[in-house]
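Q: Structure in structure tokens, see below.
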Amino acid sequence: MSAATRRLLIAGNWKMNGHAADGCALARSLAAAPEDWAATLLICPPATLLAPVASVLAGSPVALGGQDCHAEAAGAHTGDISADMLADAGCTHVITGHSERRAAYSESDAVVRAKAAAAHRAGLIAIVCVGETAAERDAGKAEAVVTASLRASLPDSTRPENTVIAYEPVWAIGTGRLPIIDEVIAVHAALRAVLGEHGAAMRILYGGSVKPDNAAALLAPPDVDGALVGGASLSAADFLAIAGAA
Ligand code: PGA
């Protein structure tokens, strides 16, 4: 499989935003949009909206995902949600290791690896996120940091069918700052090399300040297989414009 056969994925991470009325309205706009894009669309609303958004999306090609999962299938973990529960709620995907969770909850690569393994056991596609901080990039360590993080974050069960990688420079998330395209290309190539035999078929997304006006350029390189979109995924028009640029 080559870049030509890796179907692009445009994933929206709503983060901790949305109530039933506006979240369902946003999902309805996406579900009703004409299917003339070259990408699969995925939205990851907050957990409280998974059930109502799943109802809205039923019968549409837009996929549903969780933003995080616990490594165990069930048990005494107050406030947590298992991958199994996400699948039960209609999800096909789950984000694991987003930098906001790595930073705010000290999620290590080992924890991310266990979560991705749990996602696989539950039949979900894990979107495994890695990215360097501004200090790491300034020190010339971006590629070394993200390749080491990816190696340590992928469980043995990783396959192109059940895993998507998201390269998200931490300093580009929510800031409007972007790496230059050559840097994105270099990091994606380094990550693909880490994937070994699975590299040719596995999708690697770019994430961090993807907007309608920069999407075409960010999605143009053959090694960029889609985008993980935060802020711009909260607007149907912006999200669809990004999908349209794919
Ligand atoms: P952003 O977020 O598009 O708002 O920068 C991206 C992300 O956190 O996945």
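The values are calculated or read from the model by the stated rules, or taken from the named source; none is laboratory data. Since the structure is predicted, the reported quantities are computational estimates derived from the model, not experimental observations. So basically every Cβ, Gly included, is an ideal-geometry build from the backbone, and we count neighbours across all protein chains shown.
Q: Please go through segment 127-177 and give me each residue that is of a type in the set (Gly, Ala, Ser), over 17 Å from the mean Cα position of the chain (by Cα) and closer than 18 Å to Glu197 by Cα, ordered by number.
A: Ala148, Ala152, Ser157
Q: When residues of segment 70-83 are filtered for being in contact with an Asp or Glu (Cβ under 8 Å, 6 or more places away or on another chain) and buried (at least 21 other Cβ atoms within 10 Å of the Cβ), how many remain?
A: The qualifying residues number 1.
Rundown of residues vs (1) surrounded by fewer than 17 Cβ atoms within 10 Å (Cβ to Cβ); (2) in contact (Cβ under 8 Å) with a residue 40 or more places away in the chain; (3) in contact with a Cys (Cβ under 9 Å, 6 or more places away or on another chain), yes/no style:
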site: Glu35; (1), (2), (3): yes, no, no
site: Leu41; (1), (2), (3): no, yes, no
site: Pro45; (1), (2), (3): no, no, no
site: Leu49; (1), (2), (3): no, no, yes
site: Leu57; (1), (2), (3): no, no, no
site: Ile95; (1), (2), (3): no, yes, yes
site: Glu100; (1), (2), (3): no, yes, no
site: Ala103; (1), (2), (3): yes, yes, no
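Q: Can you tell me how many residues within segment 75-111 are assigned to a helix (DSSP H, G or I) and within 25 Å of Leu178 (Cα to Cα)?
A: Residues that pass the stated criteria total 7.
Q: Against the condition under 24 Å from Ala31 (Cα atoms), among the polar types (S, T, N, Q), out of contact with any Cys (no Cβ under 8 Å at 6 or more places or on another chain) and surrounded by fewer than 19 Cβ atoms within 10 Å (Cβ to Cβ), how does Ser235 come out, does it pass?
A: When the stated conditions are applied, Ser235 passes them.
Q: Need at least 1 residues that are away from the ligand (no atom under 13 Å from the Cβ) per element, so show me which strands (runs of 3 or more DSSP E) inside segment 129-246 make the cut, counting only ones lying wholly within it.
A: Because the criterion is at least 1 residues that are away from the ligand (no atom under 13 Å from the Cβ), the strands (runs of 3 or more DSSP E) in segment 129-246 that meet it are 163-167, 203-207.
Q: Looking for something farther than 26 Å from Val224 by Cβ, of a type outside the set (D, E, K, R) and modelled with pLDDT under 95 - is there at least one such residue anywhere in segment 32-47?
A: yes
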